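Contents: one structure, followed by commentary.
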Amino acid sequence: MSEFVSRFFTAPDGLRLHARDYPAASGENTRLPVVCLPGLSRNARDFHQFALLVSGDAVAPRRVIALDYRGRGLSAHDADPANYTVPVECNDVIAVCTALGLSRCLFAGTSRGGLILHVMAALRPDLIAGAILNDVGPQIEAVGLMEIRDYLANRSTPASFEAAAAGLRHLHGAAFPALAPADWLDMAHALYTDRDGPIVADYDPKLTDQLKAIDFTEPLPTLWPQFERLAEKPLLIVRGEHSRILSAETLERMQAGRKIVETTLAQGQGHAPLLHFPDVFTPIKAFLGRF
């Protein structure tokens with residue numbers, strides 16, 4: 001059996017979208033599937049190792065679907081960069097779930113993916129059985145978002161995937177002491193592509209336009225009302241030990257007084273943690289096992 005099947009879908013506005021569909025290793029199809037939503041500039045490949053662990057679990061395998069948002073991975077680029085927004089992408093996710101016949105899912109949302117889940121909790125709460133929020137919450141730290149804006153603006157064409165890995169380690173190594181050389185190379189293959197020739201980051205460069213337009217002298221908007229709806233569902237929140245996006249104070253507020261909201265710390269990782277590392281995957285596996 002192949003590790004995954006590439007599937008293509010039509011967004012509400014006609015754009016072509018892509019997702020990886022990892023079947024449960026045993027063919028089991030009664031457990032709730034996990035739908036994986038990547039970060040701002042990331043794509044379905046970000047979840048490959050995590051998806052293999054979940055779909056291939058020896059005791060409780062379950063289907064995993066990992067999405068490429070519009071303008072990322074194998075999904076089409078949008079002619080109008082104004083459509084690269086959380087609400088539009090949330091509607092795309094809902095459309096993919098509908099096309100797959102999924103009426104109730106577990107979700108794993110990294111960064112941007114977690115913001116999409118906040119909006120989905122307002123639009124389609126019935127879709128969400130439970131969720132893993134990977135280093136994201138209703139309040140984003142400006143310093144971390146500025147760092148993301150700055151390194152995404154410096155789009156490069158490395159000579160090789162090894163050079164891309166070295167560049168990633170140079171940029172993010174201080175926040176990710178837990179990563180070994182092989183992990184940086186895996187990350188390079190997830191973030192970069194050479195399918196059109198030169199090695200480039202696998203997202204539409206226009207994706208950064210809205211980040212550049214943010215006025216960081218003003219407070220960033222928050223999603224606390226939407227989080228109240230999302231927190232009605234069982235949640236597991238993963239925070240990177242060195243995260244500059246999700247603060248410890250925001251995490252504490254997210255969990256306060258909510259028995260079905262759990263947290264775990266990704267040791268030696270920043271934004272956003274790799275979910276397949278044992279110290280992170282162990283609590284995730286326990287969380288998924290409740291469904």
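The values are calculated or read from the model by the stated rules, or taken from the named source; none is laboratory data. Remember, it's a predicted structure, so these values are computed and weren't measured experimentally. Neighbour counts are summed over all protein chains in view; Cβ atoms, including those assigned to glycine, are modelled from backbone coordinates with ideal geometry.
Taking Val136 as the residue in question, decide whether it is among the β-branched types (Val, Ile, Thr) and in contact with a strand residue (DSSP E or B) (Cβ under 9 Å, 6 or more places away or on another chain). Spelling it out, Val136 is indeed among the β-branched types (Val, Ile, Thr) and in contact with a strand residue (DSSP E or B) (Cβ under 9 Å, 6 or more places away or on another chain). Scanning region 211-230 turns up one or more residues that are under 18 Å from the mean Cα position of the chain (by Cα), within 16 Å of Leu115 (Cα to Cα) and at pLDDT below 95. Once region 4-28 is narrowed to residues that are free of Cβ contacts under 8 Å to residues at least 24 places away in the same chain and part of a loop (DSSP other than H, G, I, E, B), the residue that is farthest from Ala51 (Cα to Cα) is Gly14.
Taken together, Arg42, Arg62, Arg31 contain a single residue that is under 13 Å from the mean Cα position of the chain (by Cα), closer than 29 Å to Gly289 by Cβ, part of a loop (DSSP other than H, G, I, E, B) and not small (Gly, Ala, Ser), which is Arg42.
None of Pro61, Pro81, Pro138 is free of Cβ contacts under 8 Å to residues at least 40 places away in the same chain and either aromatic (Phe, Trp, Tyr) or out of contact with any Cys (no Cβ under 7 Å at 6 or more places or on another chain) (or both) except Pro61. Looking across Asp78, Asp57, Asp92, one residue alone is over 13 Å from the mean Cα position of the chain (by Cα), of a type outside the set (A, V, I, L, M, F, W, C), within 19 Å of Leu288 (Cβ to Cβ) and crowded, with 17+ Cβ neighbours inside 10 Å. It is Asp57.
Restricting attention to region 191-210 and to residues that are surrounded by 18 or more Cβ atoms within 10 Å (Cβ to Cβ) and outside any strand (DSSP E or B), the residue that is modelled with the lowest pLDDT turns out to be Thr208.
Taken together, Met146, Met187 contain a single residue that is closer than 24 Å to Ala266 by Cβ, surrounded by fewer than 15 Cβ atoms within 10 Å (Cβ to Cβ) and touching a residue at least 12 places away in the same chain (Cβ under 8 Å), which is Met146. Exactly one residue out of Ala129, Ala51 is farther than 25 Å from Asp209 by Cα and without any contact (Cβ under 8 Å) to a residue 60 or more places away in the chain, and it is Ala51.
When region 168-182 is filtered for residues that are more than 20 Å from the chain's Cα centre (by Cα) and either exposed (fewer than 11 other Cβ atoms within 10 Å of the Cβ) or in contact (Cβ under 8 Å) with a residue 40 or more places away in the chain (or both), the ones remaining, listed by number, are His170, Ala174, Pro177, Ala180, Ala182.
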